[in-house]
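Trainee: Sending over a structure as structure tokens; questions will come in a sec.
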Amino acid sequence: EHAMGVVESKRGRILCINILTRISKDCDCMTSFEQILPDIGIVVSRHPVAADAASLDLVERKAGGAFSTIAFDIPYRTQIEYAAALGFGSADYELVTV
């Protein structure tokens with residue numbers, strides 16, 4: 001809800017970049033962490049919900065199943081579904097590989 005408020009004031013002037021590297025259960029900003037997936041790449045979008053949905057899909061595809069099976073048992077997709085239900089954006093996207 002807070003992110004939606006920030007993005008609303010920037011409609012048409014926002015670029016979302018998710019860097020899918022150093023993927024771990026914990027924050028990759030920690031001095032020591034265990035990387036649980038190989039690096040995937042970068043997701044770029046003008047739509048934050050679509051960027052997050054694509055990122056989670058790519059991570060789960062690389063993991064071979066739900067991210068919660070290799071990380072913490074958290075329903076990660078709930079946040080994306082809630083954002084879409086609020087009208088923050090759509091989880092639909094077209095993946096273009098460059």
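The values are calculated or read from the model by the stated rules, or taken from the named source; none is laboratory data. For clarity, every value in this text was computed on a predicted model and none was experimentally measured. No Cβ is skipped: glycine too gets one built from the backbone with ideal geometry, and neighbour counts run over all protein chains shown. With ligands, DNA and RNA removed, areas are computed over all heavy atoms of the protein, side chains included. Shrake-Rupley method; radii C 1.70, N 1.55, O 1.52, S 1.80 Å.
Trainee: For PHE88, only one of the following conditions fails: (1) within 18 Å of HIS2 (Cα to Cα); (2) exposed (fewer than 15 other Cβ atoms within 10 Å of the Cβ); (3) among the aromatic types (Phe, Trp, Tyr). What is its number?
Mentor: Of everything listed in (1) within 18 Å of HIS2 (Cα to Cα); (2) exposed (fewer than 15 other Cβ atoms within 10 Å of the Cβ); (3) among the aromatic types (Phe, Trp, Tyr), PHE88 misses just condition (2).
Trainee: Looking at GLU81, is it acidic (Asp, Glu) and touching a residue at least 24 places away in the same chain (Cβ under 8 Å)?
Mentor: So GLU81 does not fit the description; no.
Trainee: Enumerate the pairs (first residue in the stretch 40-58 and without any contact (Cβ under 8 Å) to a residue 40 or more places away in the chain; second residue anywhere and in a strand (DSSP E or B) and open to solvent by 50 Å² or more (accessible area, probe 1.4 Å)) with beta-carbon separation below 8 Å, excluding pairs fewer than 6 apart on the same chain, so at least 6 apart or on different chains.
Mentor: ILE42/ILE17; ILE42/ILE19; VAL43/ILE17; VAL44/ILE17
Residues are listed down the side, and each one gets a yes or a no for (1) out of contact with any Phe, Trp or Tyr (no Cβ under 9 Å at 6 or more places or on another chain); (2) surrounded by 14 or more Cβ atoms within 10 Å (Cβ to Cβ); (3) over 27 Å from GLY5 (Cα atoms):
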site: GLN35; (1), (2), (3): yes, no, yes
site: PRO38; (1), (2), (3): yes, no, yes
site: VAL49; (1), (2), (3): no, yes, no
site: ARG61; (1), (2), (3): yes, no, yes
site: ALA66; (1), (2), (3): no, yes, yes
site: ILE80; (1), (2), (3): yes, yes, no
site: LEU95; (1), (2), (3): yes, no, no
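Trainee: Can you name every residue in the stretch 1-24 that is part of a helix (DSSP H, G or I), of a type in the set (Gly, Ala, Ser) and surrounded by 10 or more Cβ atoms within 10 Å (Cβ to Cβ)?
Mentor: ALA3, the sole residue that qualifies.
Trainee: Let me ask something else. Looking at the stretch 1-25, I want the residues that are on the phi > 0 side of the Ramachandran plot and have a partner that is part of a strand (DSSP E or B) with Cβ atoms under 7 Å, at least 6 apart or on another chain. Which pairs are those?
Mentor: ARG22/GLN35
Trainee: State the number of residues belonging to the stretch 31-61 that are at pLDDT 95 or above and either touching a Pro at 6+ places or on another chain (Cβ under 9 Å) or among the hydroxyl-bearing types (Ser, Thr, Tyr) (or both).
Mentor: Adding up the residues that qualify gives 2.
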